[in-house]
Amino acid sequence: MKTLNKLFAMSTTCLLLLAACSSEQSETTKQAPVEQSKSQLLTLSAKQQKDLGLQIGGLKQQQLGLSIFANGQIEVPPQNKSYISMPFGGYIKQIKVLDGMRVRKGQVLMSVEHPDIIQLQQDYLEVLGEFAFLEADYLRQKQLFEKEAGSAKSYQQAKSAYAVAKAQMSGLQVKLEMAEVNLTQLKEGKIQRVQQIRSPFDGVVTKVTANVGAFAEPKDRLLEIIDLKHAHAELVIYEKYLAYLKKDQKVILNFIDDTMPVEASVFLIGSEISAERTVKVHCHFKKLPTTITPGSYLRAEIQAEVSDHWVLPIAAIVQHKGKDVVFIQEGDNFLPIEIDLILSNETLSAIGEKNYARLKNAKIVHKGAYDLLAMLNKEVE
């Protein structure tokens, strides 16, 4: 019996110990969230608040214009780029332009020489002389045939020879025009040894690859000219700003050489989003600058439309753990609240609609948020 009493007493003691342990664990579990929330909470006395110079305010609705900043560069459409080459091979005798030079339509860019071009002119003069004879013979035979004074065979032979000569002359003439040979001077017997390669339009020479004395094949690109009349700014904009972009919005362009800002406008918004979550925005100059260079880098500010937003002072917003937060006051306590910013200017920031319900009646620290953040970080350490 005594043994049974001892066993009962020991069992009772173990159960009491287990219950005590379970109670302690339960209390610890219940208190954990409280301790976690306290780590994000600052409690300041009235004197501390005054010493920090805290200023409290709320949200206010105000019109706010979005400025979207972006990088870009000057580009030219493919149809306004010309790669200069020769219709026939030849030796480069002279190059009259350099990279970056501005040229006018018809201006001589370089001169070339090749015996084949000289031979082509000689062939043309021979065919031209023969053509005059065959044309006269054809017209004479035609007249005789129509008067029934000549044979049909003679007429057909003259007509065929005339047609062949005319086709040969037309073909040679096209080749000579491609080689920039002056046909008027050639018909006077003036054979041109050196051929001039001229600019097809007003523009800028962006690349010279030819070398004096080198032989250039017809497929070789000797230089590149760009027509600046259709130069434009190509900007790279992050996807999140797409909703604020519209055609004809004003754009201010600043070049890296610190020249005067240039005004432009949004002309076309790209429809393809890159892997970096960006889109291209095509902007036209209000007045084309005279000193721009294709490929130049620039910084742009797109002035989006003004609209109503719930705003806070810039000074009210701080970064905490990589997030934008504001401090709200509840009595003597100050708690950081994460927010989503949708746009900002130099003094104000607009919050997203989902933040409005939480903050519409809140007392928000407008001044002194950085001091509270420093104190919060110090307590966490």
Within the stretch 120-138, is even one residue over 30 Å from Glu217 (Cα atoms), outside any helix (DSSP H, G or I) and charged (D, E, K, R)? no
How about the stretch 278-350: which strands (runs of 3 or more DSSP E) wholly inside it have at least 3 residues that are under 29 Å from the mean Cα position of the chain (by Cα)? 278-285, 297-313, 341-344
Name every residue in the stretch 124-145 that is surrounded by fewer than 16 Cβ atoms within 10 Å (Cβ to Cβ) and in contact (Cβ under 8 Å) with a residue 40 or more places away in the chain, in order of residue number. Leu125
Filtering the stretch 282-330 down to residues that are of a type in the set (S, T, N, Q) and within 30 Å of Gly58 (Cβ to Cβ) yields Gln303, Ser307, Gln319, Gln329
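Each row is one residue, and each column tells you yes or no for (1) aliphatic (A, V, I, L, M); (2) assigned to a strand (DSSP E or B); (3) in the same structural domain as Phe201 (by TED's automatic domain parsing).
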| residue | (1), (2), (3) |
| --- | --- |
| Asp51 | no, no, no |
| Ser82 | no, yes, yes |
| Phe88 | no, no, yes |
| Gly100 | no, no, yes |
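Out of Ile92, Ile117, which single residue is in a helix (DSSP H, G or I) and within 30 Å of Val205 (Cα to Cα)? If you could, list the steps in order and put the result at the bottom.
Values: Ile92 fails: in a helix (DSSP H, G or I).
Only one candidate qualifies: Ile117.
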Inside the stretch 160-181, the number of residues satisfying the requirement of being within 19 Å of Tyr91 (Cα to Cα) and of a type outside the set (A, V, I, L, M) is 3
Which condition breaks for Ala161 when tested against (1) buried (at least 16 other Cβ atoms within 10 Å of the Cβ); (2) of a type in the set (Gly, Ala, Ser); (3) in contact with a Phe, Trp or Tyr (Cβ under 7 Å, 6 or more places away or on another chain)? (3)
Given the options Leu348, Leu343, Leu312, Leu373, name the one that is in contact with a strand residue (DSSP E or B) (Cβ under 7 Å, 6 or more places away or on another chain), of a type outside the set (Asp, Glu), surrounded by 13 or more Cβ atoms within 10 Å (Cβ to Cβ) and free of Cβ contacts under 8 Å to residues at least 60 places away in the same chain. Leu373
Which residues, counting only those in the stretch 59-106, are of a type in the set (Gly, Ala, Ser), in contact with a His (Cβ under 9 Å, 6 or more places away or on another chain) and surrounded by fewer than 18 Cβ atoms within 10 Å (Cβ to Cβ)? Gly89
Scan the stretch 187-208 for residues that are among the hydroxyl-bearing types (Ser, Thr, Tyr) and modelled with pLDDT under 90 and jot them down. Thr206
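The values are calculated or read from the model by the stated rules, or taken from the named source; none is laboratory data. Owing to the predicted nature of the structure, the values given are computational and were not obtained by experimental measurement. All Cβ positions, glycine included, derive from the backbone under ideal geometry; neighbour counts span all protein chains shown.
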